[in-house]
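**Q** Encoded as structure tokens, here's the structure I'll be asking about.
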């Protein structure tokens, strides 16, 4: 790709048509996701309390630890992460390709179907019909619904991708399109060979690990990094550093990353865990490449001077979009979206735009979405390194079967992926519904709650896990003593979960407040007859 | 990478490669696995679980016991020892030979070498293999778990967190009565146990004309009110049968130990 066509030089005009075309599918996806996010943290809280009071809710078979814990994990992954990721991917593909989504009713239905599948799956787990495979606990009825809902959503995203008006590919495209193709393959393989026509014996374990790795590590990495590659240049005002490094990171990530996931101690012929450990070691390469890209994009010296006016204007239009967009989107689709907002409140930002034309020392980015995405990126690097460390046989001897594993998973799912999605959603939702973020301060508060929650959860569990592992490896220490030594760490992690729960509640509150304001404005504009029933549906979802 | 086609190719190569490696190849290598024989015997291993235990495996799955328990024993190494079984024609020479050799805590090669020397001197020997590692020292098993152990499990419930002890050999450690008492009230059997009770697998009912022979004999602080008894439901019985069937100690070619 030639220099002229680098992604940041593309004329990316924020087109209200595009945002409007995505409105209903995204509201359906994110609405259910916000709901399941809260459900997942409530379930995780219940599970966590059981370690302090084993008798807590033990009489109710629907709420025992062995059901609530996998249900909490699946509610976070399938309920929040995947639909939120799909929504953000739909928006990014449309935005990058400058093509409005056609036939939006299909993704709306598919989104509802997806959330129905999650409901069926969670009821299945809680009623004792889990399949017994990690991350694949949903019984058959639930997974079939999820699979077809995903196919529809991915198909629409791919059609939008094929119809893009801006033909050149942005690095985000590779990651997102790859992720769209990734899930159907891994999910169908796992369901066919583990649930529908199960293979025999320990091969089940291997396929289970392969699936979990390709979903939790790779799918999330592809969507999350793809999203960050779009947003970080926007926030910093510098192009992605650089295109070729991103290409390299993409290829190495999918070439090495797919082979990870089989624990070194697994009861298997030696070649499998060995191959997996080697692959995990090589995965350091893409992780570092991604870290370098992010670092240089955010902190790069003077590269920002090269930005052409085009992205600057689009950047400023994006920055001010929140305020003007309400009218732009719903009143006049033809008005010039590039027109700077005359609101006095914009003075601060306006001066920043001007200074960006000058050397980019003043590009210091601010605002809620940026915090989320930056924290998500740091979590990605850290959780990937933890993941890689766990694949090293010598470290795995200590960390395997301890709380270190759940800490890593939580950092990946929540610290990295969910946080990145929060940032993306706070950025795009005001543009999509044409309503300003109702309580910007609350979004900041959510950031602090979620961030401190996830840190309070994972830091004690990771440290405690190492200690637990060392104690378990010393047969002189009784098992009960090793387990009891975990209790202070588990207590702290419960406090972390409480903060996460509050953060999630705030997110849901902000989201539903926004749909509510949007619904009210619709009513006011006498579109009520057409759209009010949809609004009601949203609120329920 | 100028168009979407290349992304498709990339995904196809990367994911397809690992699909062949970690889905297809293991299935070809292990999917057709049959029973093996226990080392130095003609017994087959594993023998399927009895019917009640198979149902119990599904109770184990439904209640998510694998969220806290693993079923895989790890082993860090093994040590060998050589013992003399017959002194042969020249006992004095063999005794002298033995006193000059180290016969315990050997590697397999050293044990073979020592054994060869004694055999050359006219004696007969036996080599004992013992697995080592913290899991083994904790009494969770006599050897590491290997692929053969899971042949008849559906689903295979390896587990990933040891909030509770490993259960690969739970059947070798306690009897059915203990398992039932422990499921009903873990604290009655293990002081300060952090395992949640599974009372709903039991029925607390008024004692009829005669107390049921199956009623649990609980210590007073866990016993039901006078006139009542605790009787395991079928699920509890099946689960206990499953736990009793958990034994993966047979010496195998892939995990040699001396019984």
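**Q** Counting partner chain Cβ atoms within 10 Å of every residue's Cβ in B:57-70, what's the average? Please list the in-between numbers first.
**A** Details: counts 1, 2, 1, 2, 8, 10, 7, 13, 4, 6, 10, 5, 2, 2.
For peptide B:57-70, the averaged partner shielding equals 5.
**Q** Another question about this same structure. With no solvent and one equal point scatterer placed on each C-alpha of region B:77-132, evaluate the Debye formula and give log10 I(q)/I(0) for q = 0.13, 0.28, 0.30 Å⁻¹, two decimals.
**A** -0.28, -1.06, -1.18
**Q** Now, a different point. Using the alpha-carbon atoms, what tilt in degrees (0 to 90, nearest 10) does helix B:51-62 show relative to the longest principal axis of chain B?
**A** 70 degrees
**Q** Cut-off is 10 Å between beta-carbons; in what order do B:108, A:234, A:112, A:441 appear when sorted fewest neighbours first? Please report the intermediate quantities before stating the final value.
**A** On the way: B:108 13, A:234 20, A:112 17, A:441 9.
Listing B:108, A:234, A:112, A:441 from fewest to most nearby Cβ atoms yields A:441, B:108, A:112, A:234.
**Q** Averaged over peptide A:415-425, how many Cβ atoms belonging to another chain are found within 10 Å of each residue's Cβ?
**A** On the way: counts 0, 0, 0, 0, 0, 0, 0, 0, 0, 0, 0.
Averaged over the peptide's residues, the number is 0.
**Q** Rounded to the nearest 0.05, what FRET efficiency is calculated for residue B:29 and residue A:520 with R0 set to 60 Å and r the Cβ-Cβ distance?
**A** Calculated value: 0.45.
**Q** So for each of A:172-182, A:237-247 I average, over its residues, the number of other beta carbons within 10 Å; can you give me the resulting order with the highest mean first?
**A** Ranked from most to least packed, the peptides come out as A:172-182, A:237-247.
**Q** Also, I was wondering about something else. Run the Debye formula on the Cα coordinates of the protein assembly as shown, all scatterers equal and no solvent, and tell me log10 I(q)/I(0) at q = 0.05, 0.07, 0.11 1/Å.
**A** Debye curve over Cα of the protein assembly as shown, log10 I(q)/I(0) at q = 0.05, 0.07, 0.11 Å⁻¹: -0.31, -0.57, -1.20.
**Q** Sticking with this one: Roughly what angle does helix B:4-19 make with the longest principal axis of chain B, taking Cα atoms, 0 to 90 degrees, to the nearest 10?
**A** Long axis of B:4-19 versus the principal axis of chain B: about 70 degrees.
**Q** Sorted by packing (mean other beta-carbon atoms within 10 Å per residue), highest first, where do B:208-221, A:496-509 land?
**A** A:496-509, B:208-221
**Q** Compute the angle between helix B:108-120 and the longest alpha-carbon principal axis of chain B, please, reported from 0 to 90 degrees and rounded to the nearest 10.
**A** Approximately 50 degrees, to the nearest 10.
**Q** Another one. Per-residue Cβ counts within 10 Å, from other chains only, averaged over B:24-34: what number is that?
**A** Taking all residues of B:24-34 together, the mean is 5.
**Q** Relative contact order for region B:77-132: what is it in percent, counting Cα pairs under 8 Å that are at least 6 residues apart?
**A** Rounded, it is 58 percent for region B:77-132.
**Q** What's the ranking of A:116-127, B:174-185, A:201-212, A:220-231 by average number of surrounding C-beta atoms within 10 Å, highest first?
**A** Going from most to least packed, we get A:220-231, A:201-212, A:116-127, B:174-185.
No value in this document is a laboratory result; all are computed from the given coordinates. These numbers were taken from a predicted model, which means no experiment stands behind them. With ideal geometry, Cβ positions are generated from the backbone for all residues, glycine too; neighbour counts draw on all protein chains shown.
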